[in-house]
Amino acid sequence: MNKKKKPDNVVFDEDSQQYNASLKPYATDVGAPAITTTDTVAWKNRNIHAVNKQINAKYLELKAEYDAMMDQFEYNNLVYSAKFNFEPVIGYTYHLYRNKNEEAFLSVIAPNECNFDFLGTFKLNADKMWEQIKD
């Protein structure tokens, strides 16, 4: 078995015993450009940074929305647990106070017309939720 090895620049398939340079999907000539892998590390790092910023922004947005919802829950819990002897009307403004016994009560009397411990001003909306009115 005296097989003569072909030079490296000749594309010869030993299994089929044929020259197959024209069948390759890439250039096989000595003068063809070198096949190199592209460096994707910079692209990955750039996109990871962009995605992380986007996810962080969405997280902060959801956290702010959650905090606002929890504040609204606390206010509703505070007002609904307060004492009042009337049925609040939707759209009207009411004031929340604390009496001498540290009990919360709801009133229509404005803070400048009384000497109670003022907790806040609230308005009942159509969803039966209390919204705090900021001064």
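Numbers at a glance
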read-out: Flag if Gln72 is surrounded by 10 or more Cβ atoms within 10 Å (Cβ to Cβ) and within 18 Å of the chain's Cα centre (by Cα); value: no
read-out: Some residue of the stretch 9-21 being modelled with pLDDT under 80, more than 30 Å from Lys128 (Cβ to Cβ) and assigned to a helix (DSSP H, G or I); value: yes
read-out: Lys58 vs. criteria surrounded by 10 or more Cβ atoms within 10 Å (Cβ to Cβ) and at negative phi; value: yes
read-out: Qualifying residue in the stretch 38-51 (condition: surrounded by 10 or more Cβ atoms within 10 Å (Cβ to Cβ) and over 42 Å from the mean Cα position of the chain (by Cα)); value: no
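The values are calculated or read from the model by the stated rules, or taken from the named source; none is laboratory data. This structure is a prediction, so every number in the text was calculated from the model and none was measured. When we count neighbours, we look across all protein chains shown, and the Cβ atoms used for this are built from the backbone with ideal geometry, even at glycine.
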